Amino acid sequence: SGVGPQGTTGATGPQFYDTFVDKGTVNSGTVTFALGTTDRYQRVQAGGNITLAVTGWAATGTLSELLLECVNFGANTITFPTTSWIKSDGSFVATPALAGVTFQTAGTDFVLLWTRNGGTTIYAKAMR
């Protein structure tokens, strides 16, 4: 087995691993998700109104992604970075609400953010 974004060959083929980063409960301010090569899965619990920021996107021409485990986002005002949210019909809109996303007030939702141009355009999809 191996570790890293490039993976290594194991008994069943390429092996990929990421470090889980738990930001804990954040009550206010900005939560910054700093991406590296193996920390693309992060969790935050909203204890109040928060703003999300992402740093460390890979350079243009390389896919970079972040899976967010979002706890209690529906109970608070959450401000995402400028993002193109994908609707069920495949079109893009500027906010989760316009994409038909309603976050749980007491529960967990998942949001996948990705870019292929260094964060100039960030795409998002919410999952439950």
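The values are calculated or read from the model by the stated rules, or taken from the named source; none is laboratory data. Every value quoted in this text rests on a predicted model; they were computed, and no experiment measured them. Using ideal geometry, Cβ is built from the backbone for each residue, glycine included, and neighbour counts are taken over all protein chains shown. Surface accessibility is based on the protein's heavy atoms, side chains included, excluding ligands, DNA and RNA. Shrake-Rupley method; radii C 1.70, N 1.55, O 1.52, S 1.80 Å.
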Pick from 91, 64: which is within 18 Å of residue 121 (Cβ to Cβ), exposed (fewer than 14 other Cβ atoms within 10 Å of the Cβ) and of a type in the set (S, T, N, Q)?
91
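Consider residue 65 carefully, then state whether it is acidic (Asp, Glu), under 19 Å from residue 29 (Cα atoms), in contact with a Phe, Trp or Tyr (Cβ under 8 Å, 6 or more places away or on another chain) and not in a loop (DSSP other than H, G, I, E, B).
Working: acidic (Asp, Glu): yes; under 19 Å from residue 29 (Cα atoms): no; in contact with a Phe, Trp or Tyr (Cβ under 8 Å, 6 or more places away or on another chain): yes; not in a loop (DSSP other than H, G, I, E, B): yes.
Answer is no for this residue.
Every residue, every condition in (1) touching a residue at least 60 places away in the same chain (Cβ under 8 Å); (2) hydrophobic (A, V, I, L, M, F, W, C); (3) closer than 17 Å to residue 48 by Cα; (4) part of a loop (DSSP other than H, G, I, E, B), yes or no:
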{"residue": "74", "(1), (2), (3), (4)": "no, no, yes, no"}
{"residue": "82", "(1), (2), (3), (4)": "no, no, no, yes"}
{"residue": "89", "(1), (2), (3), (4)": "no, no, no, yes"}
{"residue": "104", "(1), (2), (3), (4)": "no, no, yes, yes"}
{"residue": "109", "(1), (2), (3), (4)": "no, no, yes, no"}
{"residue": "114", "(1), (2), (3), (4)": "no, yes, no, no"}
Filtering the stretch 91-102 for residues that are assigned to a loop (DSSP other than H, G, I, E, B) and either out of contact with any helix residue (DSSP H, G or I) (no Cβ under 7 Å at 6 or more places or on another chain) or among the aliphatic types (A, V, I, L, M) (or both) leaves a count of 6
In the stretch 67-91, anything closer than 24 Å to residue 35 by Cα and of a type outside the set (A, V, I, L, M) is listed as 69, 70, 72, 73, 77, 79, 80, 81, 82, 83, 84, 85
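Within the stretch 44-60, work out how many residues are closer than 23 Å to residue 120 by Cα and either touching a His at 6+ places or on another chain (Cβ under 9 Å) or part of a strand (DSSP E or B) (or both).
Let us first name the residues in the stretch 44-60 that are closer than 23 Å to residue 120 by Cα, namely 50-60.
Cutting the leftovers down to either touching a His at 6+ places or on another chain (Cβ under 9 Å) or part of a strand (DSSP E or B) (or both) gives us 50-55.
Total satisfying the criteria: 6.
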Pull out all pairs, ordered by first then second residue, where Cβ-Cβ is under 9 Å, the residues are six or more apart or on different chains, the first lies in the stretch 47-64 and is at positive phi, and the second is acidic (Asp, Glu) and in a loop (DSSP other than H, G, I, E, B).
56/39
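I'm trying to understand the selection: among the residues of the stretch 23-43, which are hydroxyl-bearing (Ser, Thr, Tyr) and assigned to a loop (DSSP other than H, G, I, E, B)? Give the derivation first.
Applying the first criterion (hydroxyl-bearing (Ser, Thr, Tyr)) to the stretch 23-43 yields 25, 28, 30, 32, 37-38, 41.
Once the filter is applied, which keeps residues that are hydroxyl-bearing (Ser, Thr, Tyr) and assigned to a loop (DSSP other than H, G, I, E, B), the stretch 23-43 yields 28, 37, 38.
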Please determine, by comparing only the residues of the stretch 2-24 that are open to solvent by less than 80 Å² (accessible area, probe 1.4 Å) and among the hydroxyl-bearing types (Ser, Thr, Tyr), which one is modelled with the lowest pLDDT.
8
